[in-house]
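Presented below is the structure to which this report refers.
Every number in this text was worked out from the coordinates using simple rules, so none of it is lab data. These figures come from a predicted structure and were not determined experimentally. Every residue, glycine as well, gets a Cβ built from its backbone with ideal geometry; the counts of neighbours run over all protein chains shown.
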Amino acid sequence: MKVALFSLVLLCLAGMLHAEVLSQSDENSLTENGQGLGRRYAESTIASDMSKIMDSMVQKNFVNFLLNQREKKSMSNVTPEEDPEARLYNNLLKKLTLCIRSKGQIHAKYKERGTVLAEDQIVQMSKQLETFKSNLEEFASKHKQEIRKSSQFRVQFQEMCATIGVDPLASGKGFWSEMLGVGDFYYELGVQIIEVCLALKHRNGGLITLDELHHRVLKGRGKFAQDVSQDDLVRAIKKLKVMGNGFGMIPVGGSYLVQSVPAELNMDHTVVLQLAEKKGYVSVSEIRESLKWERERACHVLDHLLKEGLAWLDSQASGEPQYWLPALFSELTSRDVTPEEANQITP
Amino acid sequence: MSFEWPWQYNFPPFFTLQPNVDTRQKQLAAWCSLALSYCRHHKLYTLDIMEAQESPVFNHKNIDRKLSMEAILIVFEELRKKGNLEWLDKNKTRCLVMWRRPEEWGKLIYQWVSKNGMVNTVFTLYELANGDDTESEEFHGLEDWMLIRSLQALQMDGKAEVISMDDGKGVKFF
């Protein structure tokens with residue numbers, strides 16, 4: 001072993017010498033001016049290189065030592081007496097395993113600690129929630145009337161609930177509806193929406209703009225009822241969807257068309273309705289121009305709208321027939337239901 | 001008081017007969033009520049179909065739409081079915097429009113009579129339709145043929161009896 005060590009040292013020295021020669025040759029290639037600097041640099045690099053080599057040597061030594069120890073250990077199993085180096089090595093090994101084991105234990109302890117902390121946090125949170133709830137209840141009971149009347153509040157309330165994944169309208173029971181009557185409010189609104197839609201169904205074929213619906217619901221509720229925003233209507237209508245596909249909303253130019261008949265409307269129909277929204281009517285060539293459809297597709301959609309009673313045909317228009325949607329006919333919105341019409345609704 | 005047009009009157013497709021059966025029914029119902037209320041407002045009892053075609057009811061000049069002759073005939077037929085119209089000739093060129101049916105008129109007249117305690121009194125037809133007493137009543141100015149029909153309707157119910165008098169006809173209410 002000692003022989004091996006010696007040879008290693010020798011080898012290393014040889015390497016060092018070789019390196020020196022190399023750096024010197026480098027130095028020689030430098031210019032006259034940079035010579036002093038070059039030498040100083042060379043010296044320092046040699047020093048660092050030497051230390052590097054020494055390090056690697058030590059490492060190699062250690063590896064060799066370990067390898068030898070293992071050989072010896074396998075031999076020493078036969079012989080009872082122990083080499084002091086082997087003992088040292090074994091001790092080291094033991095310490096290492098101990099260290100690794102304790103690391104695992106520490107990890108487990110951390111975990112334990114973590115759960116305890118989490119529990120603490122949950123307890124804290126529920127405490128906070130408790131106080132929040134009681135404060136909210138207090139606030140709610142104090143300002144009940146204002147809250148009930150403010151449509152702004154309802155919008156924000158709904159948004160808040162949406163972000164935490166709660167649907168306050170899912171049930172009539174529960175804290176919110178009992179405290180604030182939010183649930184009841186929407187149920188009531190839902191009934192009023194149905195009333196308005198049914199009353200105007202014969203006129204518009206079951207399509208109504210959200211604006212008109214809003215206007216009529218407000219009128220029906222009277223002056224002293226809570227204010228109702230269009231957002232409230234949209235939410236109430238979404239609730240009505242639970243009762244089947246009778247009620248739906250078609251987005252049209254930033255607002256909605258509310259559909260109260262179970263007509264099957266696909267994307268094509270919706271797009272055509274959107275196109276008709278501005279003027280209240282569409283024609284085949286208009287559809288072809290703005291949507292780049294073939295004549296057949298346009299005709300098909302318009303025929304469907306006629307068939308569902310959503311559109312009326314005007315064949316006296318100049319040029320080509322126009323398809324009018326009473327739901328979008330603006331003069332309609334300002335008119336009330338006449339007694340004759342009312343008679344038709346209730347046979 | 002000017003006549004108040006229904007919303008449909010400004011709705012261009014209202015003047016085109018609708019292909020969809022359901023929509024057409026709504027349309028015809030609206031046309032019937034428009035035609036009757038127009039006649040009532042202008043106290044029209046007979047209509048000539050040629051004139052009707054040019055009247056503002058069926059010809060909306062502002063939006064340049066008019067109901068075709070064929071469609072007008074369908075509307076009139078609908079009215080006839082409901083008992084509000086009668087043709088005066090076989091060619092269907094002139095008709096009587098009864099924006100109140102005879103029974104309804106009879107009822108109105110009888111109400112007025114009983115309200116004024118004139119049951120068991122004899123009236124001449126002229127008195128009823130053109131007398132000073134009935135000036136504020138709706139049946140004031142009712143045409144003779146209509147008046148007689150309504151009284152006959154009352155007679156059927158046993159509430160009146162039309163009698164012939166020397167200078168025309170009279171009626172006695174019970």
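A few notes on this one:
- Label point distance in nm, A:M54-A:R101, each placed 7 Å from Cα along Cα→Cβ: 3.8 nm
- Computed from label points 7 Å out along Cα-Cβ, the spacing between B:M69 and A:K307 is 3.4 nm.
- At R0 = 56 Å, FRET efficiency that the Cβ-Cβ distance of B:E104 and A:D231 yields, to 0.05: 0.70
- Choice from B:V75, B:V97, B:V122 with maximal GNM fluctuation in chain B (Cα, 10 Å cutoff): B:V122
- Segment B:102-173: relative contact order as a whole-number percent, Cα under 8 Å and 6+ apart: 41 percent
- Segment A:K94-A:H143, extension gain: residue separation times 0.36 nm, minus the distance between their alpha carbons: 10.5 nm
- Sequence-separation-based contact order of chain B, relative, with Cα cut under 8 Å and 6+ spacing, percent: 17 percent
- Segment B:118-149 versus segment B:1-79: alpha-carbon centroid distance in Å: 30 Å
- Taking all Cα pairs closer than 8 Å and separated by 6 or more residues, the relative contact order of segment A:207-285 comes to 28 percent.
- Under 15 Å, Cβ to Cβ, from B:N20 - net charge with Lys/Arg +1 and Asp/Glu -1: +1
- Structure remark: mean-square fluctuation, Gaussian network model of chain B, C-alpha springs under 10 Å; the largest value among B:M98, B:M146, B:M50 belongs to B:M50.
- Computed 3J(HN,Hα) for segment B:105-113, one whole-Hz value per residue from the Karplus formula 6.51 cos²θ - 1.76 cosθ + 1.60 where θ = phi - 60°, is 4, x, 4, 4, 5, 5, 4, 5, 4, glycine and proline marked x.
- Helix content alone sets the calculated 222 nm mean residue ellipticity of chain B: runs of n ≥ 4 DSSP H residues at -39500 (n - 2.57) each, divided across all residues, give -13500 deg cm²/dmol.
- Sorted by Cβ density within 10 Å, fewest first, the residues B:F15, B:F3, A:F157: B:F3, A:F157, B:F15
- Inter-label distance for B:D133 and B:D157, nm, one decimal - labels placed 7 Å from Cα along Cα-to-Cβ: 1.9 nm
- Dipole of segment B:7-97, positive direction: furthest Cα of B:Y38, B:N20, B:I72, with charges on the beta-carbon: B:Y38
- Kirkwood-based Rg to Rh ratio, segment B:102-173, C-alpha trace: 0.91
- Converting phi to 3J(HN,Hα) with the Karplus coefficients 6.51, -1.76 and 1.60 and the offset θ = phi - 60°, segment B:18-34 yields 6, x, 6, 4, 4, 4, 5, 4, 4, 4, 5, 4, 5, 5, 4, 5, 5 Hz in sequence order, with x at every glycine or proline.
- Net charge, B:R100 excluded, C-beta distance under 11 Å - Lys, Arg +1, Asp, Glu -1: +1
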